[in-house]
Amino acid sequence: MAWLQALREPEQALDWTLPQWERVLRLSRRLRLLGRLAESLEAADLTARLPAPVARHLQAELRYSRWRTRLLLWGMERLPAMMGEPPYPLVLLKGAAYVAQGLPIASGRLPSDIDILVPQEHLADAQRRLMAAGWAETALDEHDRRYYHEWSHEVPPMQHVLHGLELDLHHNILPPVGHTRVDMALLLARLQPSPSAPWQVFHPQDQVLHSAAHLFHDSDARDRLRDLVDLDGLLRHFGTLPGFWQGLPARASELGLSEPLALACHFVTLWLRTPVPAPVLMQIQQAGPSALRRAWLHALLGAVLTPTEPDQGSSRWQNLAAVALLVRHHWRRMPLRILLPHLWHKWRASAKVASDDVLAARADG
């Protein structure tokens with residue numbers, strides 16, 4: 001994965017051969033990092049020095065990512081007015097927050113949704129306001145609606161006829177019934193204004209911890225290298241703020257997110273050479289998983305996060321690691337009394353879809 005260094009040191013790309021470029025273009029496009037690479041080369045004024053076929057791919061990705069970012073900004077500008085400027089905080093999450101703050105990692109993104117958060121006690125009011133403004137929830141069966149409204153940290157995705165991006169409305173950053181539960185009052189107490197008023201964002205330390213939790217508590221880490229690149233960028237950018245590093249381990253402990261922070265720091269320092277101060281890194285690792293747990297988590301996550309080469313499928317070990325991490329995800333996401341009926345419902349639904357597809361194929365034949 002040496003090509004990733006070109007995101008920060010774009011001059012390296014000048015030495016790549018056409019076969020190397022073909023591999024990088026295909027990998028970075030699949031990993032949603034091609035726009036980031038294109039922006040890095042454009043900022044260094046190097047695009048014109050690349051082979052013409054390569055430059056065309058990069059220019060096309062630049063136009064596409066900037067168009068998607070304009071869609072995001074357009075939605076962010078209009079949402080508060082559509083909601084009637086409610087008397088509670090409106091918080092931007094993840095990519096939307098990075099764009100609103102003008103962070104370096106905002107360049108070259110391909111936004112597909114707008115993630116926002118409101119305090120849980122105001123969630124129903126926020127939904128009413130959005131629906132009155134023309135936003136509608138995705139059609140779901142009764143079980144899936146209950147899943148979102150009772151067991152998840154967000155409501156069903158919402159869509160609007162005038163907006164090109166989906167809206168994800170959150171009230172927490174992790175499921176409230178999971179093994180790891182985050183006290184949202186602690187996050188809301190340290191909100192900061194963003195340059196895009198009236199939107200607010202999490203404290204810089206909390207943005208890092210949310211990004212780590214989002215990656216290492218998700219169901220599938222395959223092709224999620226972009227999330228590690230985001231973490232690298234957040235740590236490099238916010239690491240220059242006074243007191244950021246000194247307070248990060250304690251904040252992770254306070255929120256119950258020491259394990260995802262330790263996992264994040266392990267991989268970004270190993271793969272992306274993120275400059276985490278040695279004393280802080282040692283403190284983070286000591287507060288993270290035990291040596292035995294750390295060994296198997298590093299092995300499984302390393303296998304799954306490593307992207308497969310173009311035209312190659314996942315190895316048997318990667319597939320086994322992905323299954324093991326999926327089991328871990330479900331085990332930690334909800335208690336067995338909820339998990340088992342939920343998995344049974346999802347299996348029956350997928351089996352019905354497969355059966356309907358077979359019947360449709362036979363009818364067409």
How much net charge surrounds Val276 when only the other residues with a Cβ under 13 Å from the Cβ of Val276 are counted, with Lys and Arg +1 and Asp and Glu -1?
+1
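Tell me, what is the Rg over Rh of the range 141-224, with Rh the Kirkwood radius over Cα pairs?
Details: Rg = 14.6 Å, Rh = 14.8 Å.
Using only Cα positions, Rg/Rh for the range 141-224 is 0.99.
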Build a GNM of the chain with springs between Cα atoms under 10 Å: which of Ala81, Ala38, Ala136 gets the top mean-square fluctuation?
Ala81
Answer with one residue from Thr240, His266, Pro195: the one whose Cα lies farthest towards the positive end of the charge dipole of the chain, charges on Cβ with Lys, Arg +1 and Asp, Glu -1.
His266
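Run the numbers on the range 206-334 and let me know its relative contact order in percent, using alpha-carbon pairs under 8 Å that are six or more apart.
Once normalised by length, the contact order is 33 percent.
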Residue with peak Gaussian network fluctuation, the chain [Cα springs, cutoff 10 Å], from Leu140, Leu191, Leu301:
Leu140
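Can you tell me the length gained on complete extension of the stretch Ala55 to Ser315, counting 0.36 nm per residue apart and subtracting the Cα distance? Let's see the in-between values first.
On the way: separation 260, 0.36 × 260 = 93.60 nm, distance 3.24 nm.
Result for the pair: 90.4 nm of gain on full extension.
Report the calculated FRET efficiency for Glu142 and Ser112 (r = Cβ-Cβ distance, R0 = 30 Å), to the nearest 0.05. All intermediate terms of the calculation are to be shown ahead of the outcome.
Values: r = 27 Å, r/R0 = 0.89.
After rounding to 0.05, the efficiency reads 0.65.
Given contacts defined as C-alpha pairs under 8 Å and at least six residues apart, what's the relative contact order of the range 81-202, whole-number percent? Could the numbers behind the result be given before it?
Working: 179 pairs, mean separation 35.5, N = 122.
Over the range 81-202, the number comes to 29 percent.
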Select from Gly239, Gly247, Gly108 the residue whose mean-square fluctuation is largest in a Gaussian network model of the chain (Cα-Cα springs shorter than 10 Å).
Gly247
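Quote the charge dipole size of the range 206-334 about the Cα centre in Debye, to the nearest 20; the model charges only the Cβ of Lys and Arg (+1) and of Asp and Glu (-1). Walk me through the intermediate numbers first.
Values: 12 positive and 11 negative charges, 65 e Å.
Computed about the Cα centre, the dipole is about 320 debye.
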Under 20 Å from a point 7 Å along the Cα-to-Cβ line of Ala250: which residues of the range 179-221 have their amide N that close?
183-192, 203-210
For the chain, what is the relative contact order in percent, using Cα pairs closer than 8 Å and at least 6 residues apart in sequence?
14
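Treat every Asp and Glu Cβ in the range 63-144 as -1 and every Lys and Arg Cβ as +1, leave all other atoms uncharged, and give the resulting dipole magnitude about the Cα centre to the nearest 20 debye. All intermediate terms of the calculation are to be shown ahead of the outcome.
Numbers: 9 positive and 10 negative charges, 150 e Å.
Here the size comes out at about 720 debye.
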With each pseudo-label sitting 7 Å past Cα toward Cβ, what's the Gln159-Arg30 distance in nm, one decimal?
2.8
Provide the FRET efficiency to the nearest 0.05 for the Gln192-Gln5 pair, computing r from the beta carbons and using R0 = 30 Å.
0.45
For the range 206-334, just say rounded, prolate or oblate: build the C-alpha gyration tensor, square-root its eigenvalues into a ≥ b ≥ c, call rounded for a/c under 1.5, and beyond that prolate if a/b exceeds b/c, oblate if not.
prolate
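Between Arg273 and Leu241, what's the calculated FRET efficiency when r is the beta-carbon distance and R0 is 22 Å? Round to 0.05. Intermediate values should be presented prior to the final figure.
On the way: r = 20 Å, r/R0 = 0.93.
Between Arg273 and Leu241 the formula returns 0.60.
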If I model a spin label as a point 7 Å beyond the Cα along the Cα-Cβ vector, how far apart are those points for Met282 and Glu121 in nm?
4.4
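Among 20-31, 123-134, how do they line up by average Cβ neighbours within 10 Å per residue, starting with the highest? Let's see the in-between values first.
Working: 20-31: 17.3, 123-134: 15.5.
So the order, starting with the most tightly packed, is 20-31, 123-134.
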With the radius of gyration and the Kirkwood radius both derived from the Cα set of the chain, what is their ratio Rg to Rh?
0.96
Any idea how far the Cα center of the range 226-242 sits from the one of the range 81-153, in Å?
24
Obtain the nm distance between the two label points defined at His149 and Leu14 by a simple spin-label model: each point lies 7 Å from its Cα along the Cα-to-C-beta direction.
6.0
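With +1 assigned to the C-beta of every Lys and Arg and -1 to the C-beta of every Asp and Glu, and no other charges, what is the dipole magnitude of the chain about the Cα centre in debye, to the nearest 20? Kindly include the intermediate steps, with their values, before the conclusion.
Details: 39 positive and 37 negative charges, 111 e Å.
That gives a dipole near 540 debye.
Read-outs throughout are calculated quantities, based only on the coordinates presented, and are distinct from any laboratory measurement. Treat the numbers as computed from the prediction; the structure is a model and nothing was measured. As a convention, Cβ positions derive from the backbone with ideal geometry for all residues, glycine included, and neighbour counts pool all protein chains shown.
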